[in-house]
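Peer 1: The following block contains the structure, expressed as structure tokens.
The values are calculated or read from the model by the stated rules, or taken from the named source; none is laboratory data. Model, not experiment: these values are computed from the prediction. Heads up, the Cβs are rebuilt from the backbone with ideal geometry, glycines too, and the neighbour counts pull from every protein chain shown.
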Amino acid sequence: MDLYEKIIRKEEKISVVGLGYVGMPIAVAFAKKVDVIGFDVNKEKIELYKKGIDPTKEVGDEAIKNTTVDFTSDETRLKEAKFHIVAVPTPVRADHTPDLTPVESASVTVGRNLTKGSIVVYESTVYPGVTEEICIPILEKESGLKCGVDFKAGYSPERINPGDKVHRLDTIVKVVSGMDEESLDIIAKVYELVVDAGVYRAESIKVAEAAKVIENAQRDINIAFMNELSIIFNMMGIDTKSVLAAAETKWNFLKFFPGLVGGHCIGVDPYYLTYKAEQMGYHSQIILAGRRINDDMGKYVAQNIVKQMIKANRQVNGSTVAIFGITFKENCPDVRNTKVVDVINELKEYGVRSIVVDPVADKDDLFKEYGIKIHEKEDVKNVDAVVVAVAHDEFKTITWEDIKNMQKPINNHVSALEEVAATSEGLIDCKDKSFLLIDVKGIFDRKEAEEAGCLYWRL
């Protein structure tokens with residue numbers, strides 16, 4: 001009887017190491033079929049899960065309350081499992097080089113508690129070669145076991161899209177790989193238990209690692225192209241969203257939109273690929289160019305907020321703007337690597353204070369990471385501009401009257417100098433406009449905004 005048969009008979013257990021936005025949905029899904037140990041070093045997070053609270057909001061409190069996942073922060077419990085899934089984050093350092101500390105640390109932990117006959121599968125996004133060249137040697141060192149003889153390893157990249165309630169673990173084809181045919185077959189059959197869309201058996205671990213890292217690099221480049229177009233069209237006085245709506249009528253036009261590119265995947269993963277390429281003697285041209293564009297968009301948005309405030313005859317230095325949304329994407333509490341912070345920091349350079357409103361964001365993580373406090377919508381009064389930075393569903397119900405009432409009235413008595421400056425930027429005349437809205441994601445209708453008396457700008 002192989003390991004797969006023992007798992008489905010509940011004679012052996014699966015462990016999931018790292019219970020975040022990726023690991024938790026995996027653990028909950030497997031627990032519906034087999035016995036699962038959910039391990040995380042964060043004791044506070046484990047206590048929340050035990051109480052039936054889902055801080056990630058990925059599966060929801062009800063699912064956590066009803067799951068049979070055995071939550072623990074005691075690493076010795078990993079000895080009870082024979083199939084280990086490592087789903088820890090893989091961030092980058094300030095210099096954009098890979099920070100493999102979390103996956104290395106997880107490998108140490110798993111290795112210390114690894115038993116003969118086990119399989120270890122990594123889901124963390126890495127550059128090709130990390131599993132075999134870095135992780136497996138750590139497992140061998142810590143366990144005293146030999147890979148290929150005493151235990152085996154594989155790689156299956158996570159494809160979960162945080163906050164996405166349509167494309168979930170069970171509906172996305174799962175790429176799987178193993179160090180040999182035996183491990184690949186077991187890994188594939190185990191994941192087929194929870195992935196209705198089926199699995200794709202990659203020919204090697206490195207192929208699976210590479211497939212994952214290029215998925216987000218491709219998306220990053222496409223968004224960078226849209227962002228560059230937005231900059232160009234803004235200079236021309238052309239609405240980018242209108243241009244894209246026209247272009248999308250062609251059957252093979254790819255639907256991407258400008259925006260702030262942050263988070264733990266798209267804004268990070270391309271650097272893993274370019275880092276490895278540079279180690280091999282190749283300097284990326286397209287990938288890094290796209291990264292530079294996207295990394296600079298926060299500053300670009302902030303500069304255009306300032307331009308619009310000048311156009312509205314606002315005193316910039318000493319002003320206050322309301323920022324609606326600070327998570328890295330809509331309807332997701334995750335604030336890791338959010339580029340909205342870049343907007344806030346750049347505005348600060350101009351002497352602009354920001355009030356952040358976000359009913360979705362993890363308040364504790366936000367304050368711990370950036371020192372930023374969340375305000376309620378009702379707290380927003382007498383600001384100089386409203387900036388909708390993230391397209392949370394809650395924000396789509398905000399009315400023009402709401403936005404107007406949050407702000408000081410626009411002074412339409414613009415000086416000659418300011419008028420010339422505004423004209424030189426190719427911006428619309430602010431005459432008869434009574435409030436200012438910066439709509440980064442373009443969730444509001446431009447014509448409605450202008451008819452409502454709004455000085456409106458979007459990417």
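Peer 1: In the stretch 316-338, which residues are in contact with a Leu (Cβ under 7 Å, 6 or more places away or on another chain) and modelled with pLDDT of 95 or more?
Peer 2: If the condition is that a residue be in contact with a Leu (Cβ under 7 Å, 6 or more places away or on another chain) and modelled with pLDDT of 95 or more, then Val321, Ile326 are the ones that fit.
Peer 1: Criterion first (surrounded by 15 or more Cβ atoms within 10 Å (Cβ to Cβ), more than 17 Å from the chain's Cα centre (by Cα) and not aromatic (Phe, Trp, Tyr)) does Val360 satisfy it?
Peer 2: Spelling it out, it is not the case that Val360 is surrounded by 15 or more Cβ atoms within 10 Å (Cβ to Cβ), more than 17 Å from the chain's Cα centre (by Cα) and not aromatic (Phe, Trp, Tyr).
Peer 1: Can you tell which of Glu11, Glu58 is closer than 30 Å to Leu366 by Cβ, in contact with a helix residue (DSSP H, G or I) (Cβ under 9 Å, 6 or more places away or on another chain), of a type in the set (Asp, Glu) and not assigned by TED's automatic domain parsing to the domain that holds Arg336?
Peer 2: None of the other options fit; the residue is Glu58.
Peer 1: Counting only residues that are among the hydrophobic types (A, V, I, L, M, F, W, C) and over 26 Å from the mean Cα position of the chain (by Cα), which one in the stretch 38-81 is surrounded by the most Cβ atoms within 10 Å (Cβ to Cβ)?
Peer 2: Within the stretch 38-81, the match that is surrounded by the most Cβ atoms within 10 Å (Cβ to Cβ) is Ala81.
Peer 1: Taking Lys33 and the conditions (1) farther than 24 Å from Thr125 by Cα; (2) in contact with a Lys or Arg (Cβ under 9 Å, 6 or more places away or on another chain); (3) in contact (Cβ under 8 Å) with a residue 60 or more places away in the chain, which numbered condition does it fall short on, given that it satisfies the others?
Peer 2: (2)
Peer 1: Do we have Tyr4 as within 20 Å of Thr171 (Cα to Cα) and touching a residue at least 60 places away in the same chain (Cβ under 8 Å) here?
Peer 2: no
Peer 1: Then there is this: Please enumerate the residues belonging to the stretch 388-409 that are assigned to a loop (DSSP other than H, G, I, E, B) and closer than 13 Å to Pro359 by Cβ.
Peer 2: Selection gives Val390, His392, Ile398.
Peer 1: I need the full set of residues from the stretch 284-315 which are outside any helix (DSSP H, G or I) and at pLDDT 95 or above, in order please.
Peer 2: Answer for the stretch 284-315, where residues must be outside any helix (DSSP H, G or I) and at pLDDT 95 or above: just Asp296.
Peer 1: Considering only the stretch 227-249, how many residues are at pLDDT 95 or above, surrounded by fewer than 11 Cβ atoms within 10 Å (Cβ to Cβ) and either in contact with an Asp or Glu (Cβ under 6 Å, 6 or more places away or on another chain) or part of a loop (DSSP other than H, G, I, E, B) (or both)?
Peer 2: 1
Peer 1: Find the residue count for the stretch 17-52, including only residues that are touching a helix residue (DSSP H, G or I) at 6+ places or on another chain (Cβ under 6 Å), more than 10 Å from Phe71 (Cβ to Cβ) and of a type in the set (A, V, I, L, M, F, W, C).
Peer 2: Qualifying residue count for the region: 4.
Peer 1: Let me ask something else. Run Phe30 past the list (1) modelled with pLDDT under 95; (2) within 26 Å of Val166 (Cβ to Cβ) and report the number of the one that doesn't hold.
Peer 2: (1)
Peer 1: In addition: Looking at Ser177, Ser230, which is the one that is in contact with a helix residue (DSSP H, G or I) (Cβ under 7 Å, 6 or more places away or on another chain), among the hydroxyl-bearing types (Ser, Thr, Tyr) and in the same structural domain as Tyr122 (by TED's automatic domain parsing)?
Peer 2: Selected residue: Ser177, the only one of Ser177, Ser230 that is in contact with a helix residue (DSSP H, G or I) (Cβ under 7 Å, 6 or more places away or on another chain), among the hydroxyl-bearing types (Ser, Thr, Tyr) and in the same structural domain as Tyr122 (by TED's automatic domain parsing).
Peer 1: Same structure again: Outside any helix (DSSP H, G or I), surrounded by 23 or more Cβ atoms within 10 Å (Cβ to Cβ) and among the hydrophobic types (A, V, I, L, M, F, W, C): is that true of Val343 in this structure?
Peer 2: no
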